[in-house]
Amino acid sequence: MYRSHVLVCSGTGCTSSGCVEVQENLEKELSNNKLENEVKLIQTGCHGLCELGPIVIVYPEGTSYFRVEGKDVKELVEEHLLKGRPVDRLMYKEPISEEQVPYYNDINFYKKQSRIVLRNCGYIDPESIEEYIARGGYDGLSRALSEFSQDEVIEEVKESGLRGRGGAGFPTGVKWGFARQAPGDKKYIICNADEGDPGAFMDRSILEGDPHSVIEGMAIGGYAIGADEGYIYVRAEYPLAIKRLRKALEAAEGLGLLGENILGTGFNFKLKIKEGAGAFVCGEETALMASIEGNRGMPRPRPPFPAQKGLWGKPSNINNVETLACVPVILSEGAGSFNSVGTENSKGTKVFALTGKINNTGLVEVPMGIKIKDIIYTIGGGIQEDKAFKAVQIGGPSGGCLPEDKIDLPVDYDSLTQAGAIMGSGGLVVMDEETCIVDVARFFLKFTQTESCGKCTPCREGTKRMLEILERITQGEGKEGDVELLEELGSMVKETSLCGLGQTAPNPVLSTTKHFRDEYNAHILDRRCPAGACSDLLIYKILEDKCKGCTKCVKACPQDAITGEKKEVHVIDQDKCIKCGACVDQCKFEAIVLG
């Protein structure tokens, strides 16, 4: 028995912030103070509040510390663990009220969440199967194999209302039923862990923090559809996730939870890891399977669907990481428990990667139906520097931008679709008043255009033409009729592209031309960027009545574009100005403004 447990977040975010040094110093200080037999040190998966990492939590009381550095460890051990005096300066402060919050569970970021998928992340050592089992792990698989027939498992998943968390939101139980009914004695179940959305890290964090939940979900799915083999397709850019997955597979095989005659029931199931090379299009089912087979990852027309003819021509079922992580809970606690959360047509919870101009960036899991406003202001802590909210991009590069008048919209599949966005895999990017919405559309379209595999003409050529128009607009060379042309091209690309990449690529453009038409018009008609973000449309000028001739702007300008004698009004040579804004940052008289 230990009198305290010290949990150190060791997700990728905290690792990049220095958690390894924190953990090593903790080991050293515990040993120096002969506390190694009284205090247990545990590395965990992601706690979610990534911006404030490395995160350290001391139990049983749950005192949490943020942005802990290696140099803080000595004080933390001596004060908290030896003298029982928490270290106030390392505690969390609410962004708006600046109230200090000592305990993990009292922080608004965590209080407003409902954690089903992330139930173990931050609580257990992801490399310990014993800790996963101690939290109820593999109970769902045990129940499925001993108490349910294959069809009953599928009915339980249907009853739960679980829909695919990878983007389309197709009912998981129905999908499993198709694969179950498909003829053939060899079937596959595949986990799509090819997470490539800009700003998204949900799947990576689940795999790093709780790999057994995905493995268990796959084993249950394999049993349900009649598969004896499965693949986890994970991008090679996720080395920590792959490392922990490999350890988890080895541990599960060692305890007879994978392999032959699982739990003595006669069910055989093995899993393999396939490392992807990081092509966004491989998130599409048929492209993913082509990649596993050793071919170039390109989609093919459907039908036949994977359930009919999938991996190596055999019936296959593909779910993403988050979907599979829900399955063990449904089988262990019952469909009723799962579907008691959420809305009528969107059950359970959704994990979002909350990023952008927001105070609390990180990983959050919220009940379906929660308002966008609650995610941004209650959980996210509001907009940075108290600036005005402008829009939120939901659904990753294929999602849509929603304006301020949609901030009360409930987060569920149907509401988002009606508003012109999609749930997507879970990227949620918040933008403030200084974000140029046209440039945002250009950014996301550039991503999908670059990632297009080029197989079908609408996606290959259509997105390229759209990107050219957007680049012209942001460079001050837009023409009347460009918006209408963007909408016409966007609709064509959506309707005629071969796979989901092309069918959703125009969404950021179409949603912004719908909700932010004035901003497009300002760029095209007035040659002006209202947000002051498009450098080609900016003109800095010096106000004569405010300039004191202090020369600070002259010294700051990297192009020598500003001239003027001391104590006289300065001027900017527009031909030399590169619009870097360095002069504005230096002027304390607010004499330099955008013209």
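The values are calculated or read from the model by the stated rules, or taken from the named source; none is laboratory data. Every value quoted in this text rests on a predicted model; they were computed, and no experiment measured them. In this analysis, Cβ positions are derived from the backbone assuming ideal geometry, glycine residues included, and neighbour counts consider all displayed protein chains. SASA here: full protein model, heavy atoms, side chains in, ligands and nucleic acids out. Shrake-Rupley method; radii C 1.70, N 1.55, O 1.52, S 1.80 Å.
Observations, loosely collected:
- Cβ pairs under 7 Å, 6+ apart, first in the range 208-223 and open to solvent by less than 10 Å² (accessible area, probe 1.4 Å), second part of a helix (DSSP H, G or I) and among the hydroxyl-bearing types (Ser, Thr, Tyr): GLU208/THR12; HIS212/TYR132
- Restricting the range 23-47 to residues that are in contact with a Ser or Thr (Cβ under 8 Å, 6 or more places away or on another chain) and touching a residue at least 60 places away in the same chain (Cβ under 8 Å), the residue that is surrounded by the fewest Cβ atoms within 10 Å (Cβ to Cβ) is GLN43.
- Residue in the range 177-186 that is farther than 22 Å from ALA248 by Cβ and open to solvent by less than 10 Å² (accessible area, probe 1.4 Å) present: yes
- The range 485-505 residues that are free of Cβ contacts under 8 Å to residues at least 24 places away in the same chain, paired with ones that are buried (at least 22 other Cβ atoms within 10 Å of the Cβ) and assigned to a loop (DSSP other than H, G, I, E, B) (beta carbon under 9 Å, 6 or more apart): SER491/PRO506; LYS494/ALA505; LYS494/PRO506; GLN503/SER497
- Residues satisfying the stated conditions in the range 402-434, i.e. hydrophobic (A, V, I, L, M, F, W, C) and surrounded by fewer than 20 Cβ atoms within 10 Å (Cβ to Cβ): ILE407, LEU409, ALA419
- Residue, surrounded by the most Cβ atoms within 10 Å (Cβ to Cβ), within the range 117-136, restricted to residues that are outside any loop (DSSP other than H, G, I, E, B) and not aliphatic (A, V, I, L, M): TYR132
- Exclusive hit being among the basic types (Lys, Arg), at pLDDT below 95 and open to solvent by 20 Å² or more (accessible area, probe 1.4 Å), set LYS446, LYS387: LYS387
- Residue satisfying all of: in the range 449-470; more than 27 Å from the chain's Cα centre (by Cα) and surrounded by fewer than 16 Cβ atoms within 10 Å (Cβ to Cβ); farthest from ALA290 (Cα to Cα) among these: GLU468
- Every test in (1) hydroxyl-bearing (Ser, Thr, Tyr); (2) surrounded by fewer than 23 Cβ atoms within 10 Å (Cβ to Cβ); (3) under 24 Å from VAL6 (Cβ atoms) is passed by SER114 save one, and that test is (3).
- Of note, ARG465 satisfies the criterion of being in a helix (DSSP H, G or I), at pLDDT 95 or above and under 25 Å from LEU525 (Cβ atoms).
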